[in-house]
Amino acid sequence: MSADKTPESAIPGEPGTSGPRRSRGRSLMIMAWTVAGIVALGGAGGGYLFLRLNDNLKSIDINQLLGTDRPAKADNGSENILVLGSDTRSGANKKLGGGTDDGSARSDTAMIVHVYKGHKKASVVSIPRDTLVDRPACTDAHGATHRAATGVMFNSAYTTGGAACAVKTVEALSGMRMDHYLEVDFSGFQQLVDELGGVEVTTTRNISDHQSHLDLKAGTHRLTGRQALALVRTRHGVGDGSDLGRIQLQQAFLKALVTQVRNIGLFTSPTELVDLADTATKAVTTDSELGSVNSLLDFTNGLKRISPSHMTMVTLPVRYDPADPNRVVVADAKAKLVWDALKADRAVPKAATQGTASGAAKGVVASP
């Protein structure tokens, strides 16, 4: 398999480096979910609206559930946020993108956002859902304890024990403490795209995936929410059919979405702004420290200081599992380069991702 060349640059802003244009997508996606509708609230409504949006927000006390058996907080001014895209294929939601109706929720998208000291630059590490990991024992939000498991898919942590188990697994994998947690429901994703009037993308080849109900000819399209959800779910119609290919599609789409969201100031209707804020707050679940509109605004306003040119993105270094081509395993030595760099609040070195597995779907969706 060919190496993924996208993340070879280190953090933009370091001497001799320049950030990849593709890095804008996932990093800014935190704001696309939360700020798009919320940031304009100053002129969109008063106390009642804030109360309504606060009622929309869901939060989980991660610190209480995980206790003290965790990596120590970094003392270098940096911050780590685990961002998950949660998905369920049960009930009516199954019609949004196909899949097996097993009644369970899953995390089809996972990324660690590392915000560097000073909050002027960031790195994003995407974790493929099909990565085989050792899942630690954990306690879920209902107080149920789940045993440790060896060699299971990464996204089984969320399916097994929800947010707390997902955070526990990420901390065990990386050795880094997650300071915050942000989860986005894919059904809210569809509604946000529709309320934005769709998102324009250009495909460089035909995409046809009967499992995600996606059928796009090569060319430029303005995707509806349903089509957009199908695109970020698809994996069988492009590349090598792996989750790594899906990550490459998501990355390109999210950049297109962020481009659309950055024009949010063009909206003139307070009703449109309120609808976006309402949808955004209904779609997210946070840790308890971010569980109010004011806290979420403070948090996202801090992230807004990070310009797109000072962001970079890597995928967790992995290789295809020789026993099962549908799974990947962590390339330990290269992954250590990623984690060691972030723990020290340094740029991820180029060597960390050179020669690692790629999904062969780069360029199928052209970046804006």
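Computed quantities for the displayed model
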read-out: Hits in the range 74-112 (condition: over 18 Å from ARG233 (Cα atoms) and either in a loop (DSSP other than H, G, I, E, B) or at pLDDT below 90 (or both)); value: ALA74, ASP75, ASN76, GLY77, SER78
read-out: Any pair with Cβ under 9 angstrom, 6 or more apart, that starts in the range 149-171 at a residue that is over 16 Å from VAL328 (Cα atoms) and ends at one that is among the aromatic types (Phe, Trp, Tyr) and open to solvent by 20 Å² or more (accessible area, probe 1.4 Å); value: CYS165/TYR158; ALA166/TYR158; THR169/TYR158
read-out: The range 128-159, residues that are open to solvent by 50 Å² or more (accessible area, probe 1.4 Å) and of a type in the set (Val, Ile, Thr); value: THR145, THR150, THR159
read-out: Filter result (of a type in the set (D, E, K, R), out of contact with any Cys (no Cβ under 6 Å at 6 or more places or on another chain) and part of a helix (DSSP H, G or I)) within the range 139-195; value: GLU171, ASP194, GLU195
read-out: Every pair of residues 6+ apart whose Cβ atoms lie under 7 Å, when the first sits in the range 198-215 and is within 8 Å of GLY237 (Cβ to Cβ) and among the small types (Gly, Ala, Ser) while the second is surrounded by fewer than 14 Cβ atoms within 10 Å (Cβ to Cβ) and at pLDDT 85 or above; value: SER208/ASP215
read-out: The range 277-292 residues that are open to solvent by less than 10 Å² (accessible area, probe 1.4 Å), paired with ones that are at pLDDT 85 or above and part of a loop (DSSP other than H, G, I, E, B) (beta carbon under 6 Å, 6 or more apart); value: THR281/LEU57
read-out: When residues of the range 317-346 are limited to those that are touching an Asp or Glu at 6+ places or on another chain (Cβ under 9 Å) and farther than 18 Å from ASP134 by Cα, the one surrounded by the most Cβ atoms within 10 Å (Cβ to Cβ); value: ARG346
read-out: Residues of the range 125-156 classified as of a type in the set (Lys, Arg) and closer than 18 Å to ILE112 by Cβ, total; value: 2
read-out: Residue match in the range 110-122 (condition: more than 17 Å from the chain's Cα centre (by Cα), open to solvent by less than 40 Å² (accessible area, probe 1.4 Å) and of a type outside the set (Gly, Ala, Ser)); value: yes
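Residue by residue, here is whether (1) within 30 Å of THR204 (Cβ to Cβ); (2) modelled with pLDDT under 90; (3) acidic (Asp, Glu) holds:
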| residue | (1), (2), (3) |
| --- | --- |
| ALA323 | no, no, no |
| ASN326 | yes, yes, no |
| ALA333 | no, no, no |
| ASP340 | no, no, yes |
| ARG346 | no, no, no |
| ALA357 | yes, yes, no |
| ALA361 | yes, yes, no |
| ALA366 | yes, yes, no |
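The values are calculated or read from the model by the stated rules, or taken from the named source; none is laboratory data. These numbers were taken from a predicted model, which means no experiment stands behind them. Every residue, glycine among them, receives a Cβ derived from its backbone with ideal geometry; neighbour counts consider all protein chains shown. We work out accessible area using only protein heavy atoms, side chains counted, and drop any ligands, DNA or RNA first. Shrake-Rupley method; radii C 1.70, N 1.55, O 1.52, S 1.80 Å.
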